[in-house]
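Shown next, in structure tokens, is the structure this report addresses.
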Amino acid sequence: MILIGSGAVLAQTVKQIHVEEQTWLAYFNQTRLSNRWGIWVDGHFRATDRFVREPSKLLFRTGLMYYVTDDLKLTNGYTFVNHFPEPGHANVSQPEHRIWQQIQLHTKYGKVRTMQWLRLEERFRHRIKNDDELGEGYAFDTRLRYNYLLNIPLSKKGIVPHAFSVVLNDEIFINLGPRIVYNKFDQNRLFVGLGYQLSARSNLQFGYMNIFQQLAAGNAYRNIHAIRFFLFQNLDLRNANDQPK
């Protein structure tokens, strides 16, 4: 009896890693309206199952930005996420609503640029009844995200229009709250790729991203190999006299 019981416990604790291939497409826009205020908008579509066979997630995020300085910004916003059918809700999509707060900092070291942000998310995920039906109400928890990006120009002129750069990006996610038991660490996203400066205010990034995520069971993990295409725009609608020379 003891051996059987020990075997059952061991079976439950064996690490299970599910490998996926995905494609991530996204558009990011930060538009400065005045010396102090701006608007954040981004949208995402993710496909899974050999990169393109099934939709995975659809996400829309918006926020109001406050410029402490040109390089230091505070943002408060809202996000809607649609989780397309997947294990746990195989025949129904799961909606999620998030409120988020963020501090973002840009720095320059010669021609090299960095960007980092610290983001707090309050997540309201619709409860799941079974594979075919949503439950009643929402489950609430919070998550902390830290993102660091390094942009290294390949041109002697720096990051200028029609020039390439090497982009390294890592983001770590930590789950918070009393409901979180086995996966305080949520996931890590590591990206390696190229950036192409389309214009002074538009940048395209493309490359490979690895996402390693621990699921709520604690012994189950998801390892995602993703192709990522992100387009960034930073617009400035201030009067010419207010913009940096």
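Peptides 104-110, 26-32 ranked from most to least packed by the mean count of surrounding Cβ atoms within 10 Å: 26-32, 104-110. By the count of neighbouring beta-carbon atoms within 10 Å, fewest first, 228, 53 end up ordered 53, 228. Maximal additional length on extending the residue 142-residue 163 stretch stands at 3.6 nm, based on 0.36 nm per residue less the C-alpha distance. Across region 20-237, Cα pairs under 8 Å and at least six residues apart give a relative contact order of 17 percent.
Listed by Cβ neighbour count within 10 Å, with the fewest neighbours leading, 24, 117, 37 appear as 37, 117, 24. Of all lysines in the structure, the ones whose alpha carbon falls short of 20 Å from that of residue 15, not counting any fewer than 8 places away in one chain, are 184. Per-residue packing, averaged as other Cβ atoms within 10 Å, sorts the ranges 176-184, 118-126 into the order 118-126, 176-184, beginning with the highest. Annotation: extensible slack from residue 20 through residue 115 equals 31.4 nm (criterion: 0.36 nm per residue apart, minus Cα-Cα distance). Bridgeable lysines around residue 57 (alpha carbons under 22 Å apart, same-chain partners fewer than 8 residues away excluded): 129.
Neighbours of residue 189, meaning other residues whose beta-carbon lies under 14 angstrom from its beta-carbon, give a summed charge of +3 when Lys and Arg score +1 and Asp and Glu score -1.
The alpha-carbon of residue 108 sits under 13 angstrom from the alpha-carbons of these aspartates and glutamates, leaving out residues fewer than 8 places away in its chain: 70, 71.
Once Rg and the Kirkwood radius are both taken over the C-alpha atoms of region 20-237, their ratio Rg/Rh works out to 0.98.
Computed from backbone phi, the HN-Hα couplings of region 60-77 come to 10, 10, 9, x, 9, 9, 10, 8, 5, 9, 4, 10, 10, 10, 10, 9, 10, x Hz, rounded to whole numbers (Karplus: 6.51 cos²θ - 1.76 cosθ + 1.60, θ = phi - 60°; Gly and Pro given as x).
Read-outs: derived from the displayed coordinates by stated rules, not from any lab. Being a predicted model, the structure only gives us computed values, none of them experimental. All Cβ positions, even for glycine, are placed from backbone atoms using ideal geometry, and neighbour counts span all protein chains on display.
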